[in-house]
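Take a look at the structure below.
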């Protein structure tokens with residue numbers, strides 16, 4: 001099994017890290033590491049999180065405000081988005 005961050009997820013994470021880094025670079029790097037660790041954990045436990053009606057899964061990243069939206073495709077975990085928990089998707093609040 002391998003882990004892939006989709007372009008949108010990489011962009012989400014980079015933007016979040018840049019935003020946090022403006023105030024606290026150390027905190028930004030800690031948040032990034034926690035997100036990356038949570039994503040790596042999905043390789044061992046791909047069923048973590050909650051499944052939505054479209055077959056995507058959402059996993060809250062502990063000790064962060066972030067939610068990973070992902071899908072398992074064959075032997076791959078694809079991180080589709082890295083959402084801030086307060087961010088809205090499609091006009092409704094993201095529930096993790």
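The values are calculated or read from the model by the stated rules, or taken from the named source; none is laboratory data. Quantities reported herein were computed from a predicted structural model and do not represent experimental measurements. When we count neighbours, we look across all protein chains shown, and the Cβ atoms used for this are built from the backbone with ideal geometry, even at glycine.
What the table below lists for this structure:
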quantity: Qualifying positions in segment 42-64 - surrounded by 15 or more Cβ atoms within 10 Å (Cβ to Cβ), at negative phi and out of contact with any helix residue (DSSP H, G or I) (no Cβ under 6 Å at 6 or more places or on another chain); calculated: 42, 46, 48, 56, 57, 58, 59, 60
quantity: Subset of segment 76-96 (residues that are at pLDDT 95 or above, surrounded by fewer than 19 Cβ atoms within 10 Å (Cβ to Cβ) and more than 17 Å from residue 11 (Cβ to Cβ)); calculated: 76
quantity: The one condition in (1) touching a residue at least 40 places away in the same chain (Cβ under 8 Å); (2) surrounded by fewer than 21 Cβ atoms within 10 Å (Cβ to Cβ); (3) under 12 Å from residue 3 (Cβ atoms) that residue 72 fails to fulfil; calculated: (1)
quantity: Selection within segment 1-41 - touching a strand residue (DSSP E or B) at 6+ places or on another chain (Cβ under 8 Å) and loosely packed, with under 12 Cβ neighbours inside 10 Å; calculated: 1, 2, 40
quantity: Matching residues, segment 42-66, being in contact with a strand residue (DSSP E or B) (Cβ under 6 Å, 6 or more places away or on another chain) and over 18 Å from residue 4 (Cβ atoms); calculated: 50, 51, 60, 65
